[in-house]
Every structure is written in structure tokens, then in C-alpha cells.
Amino acid sequence: MTLSHPARPRRSPRGGPILDRRQLLGRLGVLAGAGVVGPALLAACGDDDDGDTGGGGGASKDLWFANWPAYIDEETVDLFTEASGISLKYTEDYNDNNEYFAKVQADLAAGRSIGPDIIAPTYWLAARLITLGWVQEIPFDDIPNASNLLPELQKPAWDPEGKFSLPWQSGMTGLAYNISATGRELTSMNDLFDPAFKGKVGMLTEMRDTLGLVMLLTGEDPGSATMDSANPAFEKIEEAKASGHIRQFTGNDYMDDLAAGNFAVCVGWSGDIGQLALDNPDLRFAIPEEGGMRWSDTMVLPNGAENVANAAVWMDYVYDPENAARIAEYVGYNSPVAGVREILAAGDDFQKALSESPLLFPDDATNARLHVFASLDEDAEAAFDERFSQIVGA
Amino acid sequence: MAGRDAADDGDRSKRRAGLVPYALLSPGMLWLLLFFLVPLVTLARTSLSEKESRFAVDADFTWHIANFTDALRDYSDQFIRSFAYAGAATLLCVAIGYPMAYVIAFRGGRFKNVLLGLVVVPFFTSFLIRTLAWQTVLFDSGPILSVLDSLSLVGVLERIGVARNGGLLQTHASVIGGLTYNFLPFMILPIYVSLEKIDLRLTEAAKDLYNNGWQAFRKVVLPLSLPGVFAGGLLTFIPAAGDFVNARFLGGPNNTMIGSVVQDRFLVQLDYPTAAALSFILMVIITLATLVYARILGTDDLV
């Protein structure tokens, strides 16, 4: 199945939408409906340093959220400060799960603060942090909007008690391709191994995404992966690498290769392709017929985080469907907040189109074909990582 | 009495003079001790340690020699590849750098300093940025490939192994090319320095003795410039063998070098003992290679 994406306002690559005046006014009109146009205009005047408005009564007015790049719209941070009086330091320095873990590991193990109050590990790293006891419980009592969390994301496998994490965005992993290079629509994982694309195929260094998809092709369930059940998939990837079929294993930079024509087809993430397709309508995304992977990036509070109360205010804010809709509209992934679709459906034409996009709101049939990779214990994870890195790096 | 005083003074000043070199050396020695010896010993210790669990921060020192044997067994391909790439890049650097240095030194005239400046100018930009720029230049839709394509040269390049599957990236050639480009100035500058010192009247003398131009070069200029080639070879080969940036951005999964493995072991696998063992093996091989190399080309003239 091929998922197409509605046309959106032109956006600079990996940056914010480029709005012309009319669109900006239109956008402000939407906000007026939500009763926040005043603060928005104030924010637009560049006055983003008034931490004294609003109540709260807490000792500290600070909060630091370290998130992935290009993962929030341009208004929400300022609007949050206007609404809550909390000065939010929002950094985009979370680039890679493994590297971030390596960076903070020593401090967290020693019980020292790592700086940010909220970080955004992907679900499997959140699971590791929870198992290691390196994150704090989220004060759900202070987050009434957490009840808006979609039912299927409550008490997920990576956080069985649902106490330590709250999803930031979810997304799908499938086939990303450049139809001008492939010459046809792709529907199956077999297409990734089509000899016609030799040397023009990319895979992600994010193991669970790449391996999960290939496991589905070999007829195994990634949701209950063991070293044995994953072995045929490992061998298939290894063989494709050795023969030169796979050109490169990449992180986020797969988008450059796809757009530049170095890749005809690769493993990719749903939201990215929506963004890229604005510049290059030849880029497509498909959940292969064998199935796709589903993942979530989470918000967790690392041990030593000082501003937990403010973090709760932030989480409550972004779990308000109005705010969640604004973020979802920008990032193009799957919002974990119920009610976002209805809000977009009631918006302007562009938002209405988004509310019908299968990339943002996959239908039940698609959802049924999405898998979440198994939770691996420490030893299994080490074995998987070892095997995968020998393939990627050898 | 006076004579003895003078002798005492002489002794004392001699003693003082004996201490001066040490005093002058001490900042450097302290620096080496702190930033070379201490890390080296730590690295050696780590390379012989075992981690109790994967996410333990500290490894326990247990004389775990298996780190070395495992590393050599699992990563021999990357070791061989690293030294092959670095060797090829060094040879290319000599082939390209020597004529350049020669022209700048002897034919540069009043443009000598400008030309030298041009050699150094790329250093004003970060190493990483320059490598990424090459990636963009060599993209499948990039300028070089489209020119080659319009000249129908891609097929020829594929046959000689420079291009693969219609692309220039992710090949042995692209990684070696990147290494050559990035380390070329380290070859040109020392060769230039040793050429510049040569008294050209020596070649005139050689010609007076019935040498033709080529013989004069081979028997006079080349031997006198060998110390520069030697130094340039070291400055190119050693960092190139440990480099991982070129392999990462210009190479593919079949072009990884040992530097990438060390990085992956340290940062992704959190396997510090293996990473340390790999670093140590790399260091030992490079030291041995340097010693052999010094024996062959000779270091006596190297100053």
C-alpha cells in the first residue's frame, strides 16, 4: 500500500514552514479560535523573556527539554512560556539513541544530574533506562491531560506499569523510495532486495527498524524476536551487504541520499517522507504488504532532573489536544494524543487534508499490519547489537 | 684560595647548566606525562579488563588477554583495509605532492608564498565539512557524475574499479581519494621545506659532470629531499590509518576502517575493553611500521 501525503505549505528542509503573510494571518486566525491569539502576537513581537507571568508558585521557573531535531513546530515553545510562565530551554541535541546513552551513561550511573529535565529516548532506550532505574516516575497526578493518551499506547511493553514515560510522537517504519529511480510503485519488502536496485539501497542503523522489516519478510514476528528467529533476517542483510546490494547504512541522513538519487529505495520513517515529498513529489512511502514497524519516541525524566514539577506542566500542555494538533501538523508523525484528528478535521483545508492523511492517521487495516519490536533483555540486546554492528561495520 | 673559589664557581655553574636542560624540558615532560603516559596506561589497563555487565561504567582489570585475540580475529579485515587505504593514500600523496612541492620551491618565484598559502587554505574549513562537501560533489546526481555521464566515461570508470553501480561513492577509490585529499598538505609542506633548502648550484655541478637533468634530479635533488618525503609519509600515513571520517561519509559498509570500529565499540556497543584493545593493536602496528620505514628510508637526515 502506498501512502500519499497532502500538499502542505512549503517548508525549508528540516526547518520550519515558510509562511507567507496570508498563511500567517490564517494561522493566527486558527489560534484566535483557540483563544490564545494575544500571547501569540506578543510572542511574535519577540518578547520571549518574561518568566514572571502566570502563577505556579514553584521555586524554579526553569525547564530543559532535550529533543530530536525538527521535532516541534515553531510556536509551541513560546506559547507554553506565555501560558505557564515557565521559561523552557528547548534544545535539539538528541541526535542518536546510542550516542546519547553513551554520553549520559556515566553521570546517570553515578547518580549525577545530566542537565536536561526531559529527554526523548526511543521506546527501546526508554525501556533500558527504566530497567536500569535511571529515570524518575512521572507525576501523573499533576498531568490531567495524560488521560488523552491513546488507549493502545497506555502501559506499553517498554513501560509495563506506565509510570515512567509518556510518548512524544509515534511513527511508522516502511519503504521510502524515489519513483523516478525505481520506475514503479513498491509494495513488498522483496522490492528492497530486487537486483535491479543493486547499489542503490539504503538501510537504517536503527537496528529494530531495519531488522524488524526484514524479519517480516522472512516470515518471523519481530514482536517476539529471539536470536534464532532473527537469524534468517540477519543473514539476508549480511548477504545483501557483502554483495554490494546495500549501499549504505544511515541514520537521519538517509533523506539526503534519497533526495539526491543515491538511494532508489531505503528503509525510512513515515514523517520524514511527508516533509521531503513537499520538495520532491517523486518521493514515496509505503508500508510493505509483509507489514511495517511502529515505534514511539518518549518523554522521560532522568534521575537528577530538578524541575520535575515544571516538566509535569509541560507534559500537561502538550497533551492538550489543541497543542498536540499544532505539533502533529508540523512534524507529520503519529500523535499519541486522542482528539488531534478531530481538531485538524475542523481546521482549514490544509489541516483537513492532514486529518485524512494515512501517514498521520493510519487506518485500522494499516494499524493491524504494524509491529512493535520485542523488548530484549540486557544479554539478548547485547547479542543483537553485536551481530548487527558486525554487519553494518564489517 | 682564589683558584679553588673559581673552581667551585665553575662546578656550580656547570651543575646549574646541567639542570637547565631539565628545567626547559619539564613543561613538555609534564605535558607528555599527563596527556600521553597516563592515558596510555589507562588504555592498556582497560584493554585487559572485563566489564561485569554491559552498562557498567567501570571495567575490572583481570588480565583479559582474550580482548586482543578476539579483536584481531573479528576485525582483521578492517585492519588490513585501513593499512591498505592509508598506504595507497600515502603513495598518491607523494605522487601528487612531490611535483607540487617541487614547482612551488623551484619555479614559484614571487608567487611562492601565495602558492603555499593556497595549499594551506583548505585548512581554514573543518575537516568534516570538507569531507561532507566531497560527498555532495560525488553524489549520484552531483556535478562530477553528470559530466562523466555526458562524456560516457562512467562505464570506463566502472571497469577500472573507480565507479560502482553507476556511482562514485561507497567505493575503495572514493575513500582513498578522500584520504589523499585531506592529508595532501601534510605531504606537500615537509617536502617543500626540504626542497627549499637545497642549493641549486649542486645540480649545476652535477650537470658540469655530464649528468643530464633527470640524472641530476635523481642523484642530487631526490636524495636531498628524502627527509621531507619521509616526514610527509609519516604525517600522512599515521592519521590516515586511524581515520574514520572518510570511510564513514565517502565509503559504504564494505569500506569501513578500523577507526569506525573503534568508534562503534566505544560509543554504540559501550564495549570499552575491546575498543581499547583495538586502539592498542593499531598503535603497535603503526609503531612497528614506522620503525621498519625509518630503517629503510633512514632518519639520520631527518631534522
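Values as computed for the structure displayed
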{"item": "Of all residues making up region A:309-365, the number that are over 30 Å from A:Lys61 (Cβ atoms) and of a type in the set (Asp, Glu)", "result": "6"}
{"item": "Among residues of region B:127-163, those that are open to solvent by less than 50 Å² (accessible area, probe 1.4 Å), closer than 23 Å to B:Gln78 by Cα and not in a loop (DSSP other than H, G, I, E, B), counted", "result": "2"}
{"item": "Positions within region A:240-278 being over 21 Å from the mean Cα position of the chain (by Cα) and under 18 Å from B:Asn255 (Cα atoms), in sequence order", "result": "A:Ala240, A:Lys241, A:Ala242, A:Ser243, A:Gly244, A:His245, A:Ile246, A:Arg247, A:Gln248, A:Asn262, A:Phe263"}
{"item": "Filtered residues of region B:103-124 (kept if open to solvent by 40 Å² or more (accessible area, probe 1.4 Å), of a type in the set (Val, Ile, Thr) and touching a residue at least 24 places away in the same chain (Cβ under 8 Å))", "result": "B:Val120"}
{"item": "Pick from region B:56-68, criterion part of a loop (DSSP other than H, G, I, E, B), at negative phi and away from chain A (no Cβ under 14 Å), ranking: most open to solvent (accessible area, probe 1.4 Å)", "result": "B:Ile65"}
{"item": "Subset of region A:114-130 that is among the hydrophobic types (A, V, I, L, M, F, W, C) and open to solvent by 10 Å² or more (accessible area, probe 1.4 Å) - its residue that is nearest to A:Asn307 (Cα to Cα)", "result": "A:Ile114"}
{"item": "Test: residue in region A:166-183 that is in a loop (DSSP other than H, G, I, E, B) and modelled with pLDDT of 95 or more", "result": "no"}
{"item": "Residue count for region A:80-103, restricted to those that are within 11 Å of chain B (Cβ to nearest Cβ) and outside any loop (DSSP other than H, G, I, E, B)", "result": "7"}
{"item": "Single unsatisfied condition, A:Asp257 versus (1) at the interface with chain B (Cβ under 10 Å from one of its Cβ atoms); (2) part of a helix (DSSP H, G or I); (3) under 15 Å from A:Asp194 (Cβ atoms)", "result": "(3)"}
{"item": "Residue tally, condition loosely packed, with under 15 Cβ neighbours inside 10 Å and either facing chain B (nearest Cβ under 10 Å) or hydroxyl-bearing (Ser, Thr, Tyr) (or both), over region A:232-254", "result": "3"}
{"item": "Single condition A:Ser389 does not satisfy, out of (1) out of contact with any Phe, Trp or Tyr (no Cβ under 6 Å at 6 or more places or on another chain); (2) part of a helix (DSSP H, G or I); (3) in contact (Cβ under 8 Å) with a residue 12 or more places away in the chain", "result": "(3)"}
{"item": "Residue satisfying all of: in region B:212-242; within 25 Å of B:Gly178 (Cα to Cα) and aromatic (Phe, Trp, Tyr); least open to solvent (accessible area, probe 1.4 Å) among these", "result": "B:Phe230"}
{"item": "Enumeration of residues in region B:264-299 that are of a type in the set (A, V, I, L, M, F, W, C), within 14 Å of chain A (Cβ to nearest Cβ) and in contact (Cβ under 8 Å) with a residue 12 or more places away in the chain", "result": "B:Leu270, B:Ala275, B:Leu278"}
{"item": "Pairs with Cβ under 9 Å, 6+ apart, first in region A:59-75 and polar (S, T, N, Q), second surrounded by fewer than 17 Cβ atoms within 10 Å (Cβ to Cβ)", "result": "A:Ser60/A:Glu306; A:Asn67/A:Thr91; A:Asn67/A:Glu92; A:Asn67/A:Asp93"}
{"item": "Residue in region A:43-78 that is modelled with the lowest pLDDT, counting only those that are open to solvent by 40 Å² or more (accessible area, probe 1.4 Å), part of a loop (DSSP other than H, G, I, E, B) and under 17 Å from A:Asn323 (Cα atoms)", "result": "A:Glu74"}
{"item": "Considering residues of region A:262-277 that are open to solvent by less than 20 Å² (accessible area, probe 1.4 Å) and in contact with a helix residue (DSSP H, G or I) (Cβ under 7 Å, 6 or more places away or on another chain) only, the residue farthest from the other protein chains (Cβ to nearest Cβ)", "result": "A:Gly271"}
{"item": "Candidates A:Lys103, A:Lys89 - the one that is touching a Leu at 6+ places or on another chain (Cβ under 8 Å) and of a type in the set (Lys, Arg)", "result": "A:Lys89"}
{"item": "Qualifying positions in region B:164-194 - part of a helix (DSSP H, G or I) and either among the aliphatic types (A, V, I, L, M) or in contact with a strand residue (DSSP E or B) (Cβ under 6 Å, 6 or more places away or on another chain) (or both)", "result": "B:Ala173, B:Val175, B:Ile176, B:Leu179, B:Leu184, B:Met187, B:Ile188, B:Leu189, B:Ile191, B:Val193"}
{"item": "Near pairs, Cβ below 9 angstrom, 6+ apart or cross-chain, from region B:246-259 (facing chain A (nearest Cβ under 9 Å)) to any residue that is part of a helix (DSSP H, G or I) and acidic (Asp, Glu)", "result": "B:Thr256/B:Asp77; B:Thr256/B:Asp264"}
{"item": "Scope region B:21-55; condition surrounded by 11 or more Cβ atoms within 10 Å (Cβ to Cβ) and not in a helix (DSSP H, G or I); matching residues", "result": "B:Leu48, B:Ser49, B:Glu50, B:Lys51, B:Arg54, B:Phe55"}
{"item": "Within region A:304-349, considering residues that are hydroxyl-bearing (Ser, Thr, Tyr) and assigned to a loop (DSSP other than H, G, I, E, B), the one farthest from A:Phe361 (Cα to Cα)", "result": "A:Tyr319"}
{"item": "Identity of the residue in region B:164-203, surrounded by fewer than 21 Cβ atoms within 10 Å (Cβ to Cβ) and among the polar types (S, T, N, Q), that ends up nearest to A:Ala196 (Cα to Cα)", "result": "B:Asn165"}
{"item": "Qualifying residue in region A:307-315 (condition: over 20 Å from A:Gly271 (Cα atoms), more than 21 Å from the chain's Cα centre (by Cα) and within 14 Å of chain B (Cβ to nearest Cβ))", "result": "no"}
{"item": "First in region A:346-375 and open to solvent by 40 Å² or more (accessible area, probe 1.4 Å), second anywhere and aliphatic (A, V, I, L, M) and in a strand (DSSP E or B), Cβ under 7 Å, 6 or more apart", "result": "A:His371/A:Met293"}
{"item": "Subset of region B:255-292 (residues that are under 22 Å from A:Arg128 (Cα atoms) and not in a helix (DSSP H, G or I))", "result": "B:Val268, B:Gln269, B:Leu270, B:Asp271"}
{"item": "Residues of region A:278-293 that turn out to be away from chain B (no Cβ under 14 Å) and in contact (Cβ under 8 Å) with a residue 60 or more places away in the chain, as a count", "result": "11"}
{"item": "Residues of region B:73-112 satisfying the condition of being part of a helix (DSSP H, G or I) and within 14 Å of chain A (Cβ to nearest Cβ)", "result": "B:Arg73, B:Asp74, B:Ser76, B:Asp77, B:Gln78, B:Phe79, B:Ile80, B:Arg81, B:Ser82"}
{"item": "Tally of residues being farther than 20 Å from B:Ala247 by Cα and within 14 Å of another protein chain (Cβ to nearest Cβ) across region B:121-144", "result": "2"}
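The values are calculated or read from the model by the stated rules, or taken from the named source; none is laboratory data. The structure displayed is predicted, hence computed values, not measured ones. Heads up, the Cβs are rebuilt from the backbone with ideal geometry, glycines too, and the neighbour counts pull from every protein chain shown. In case anyone asks, the SASA skips ligands and DNA or RNA and just uses the protein heavy atoms, side chains included. Shrake-Rupley method; radii C 1.70, N 1.55, O 1.52, S 1.80 Å.
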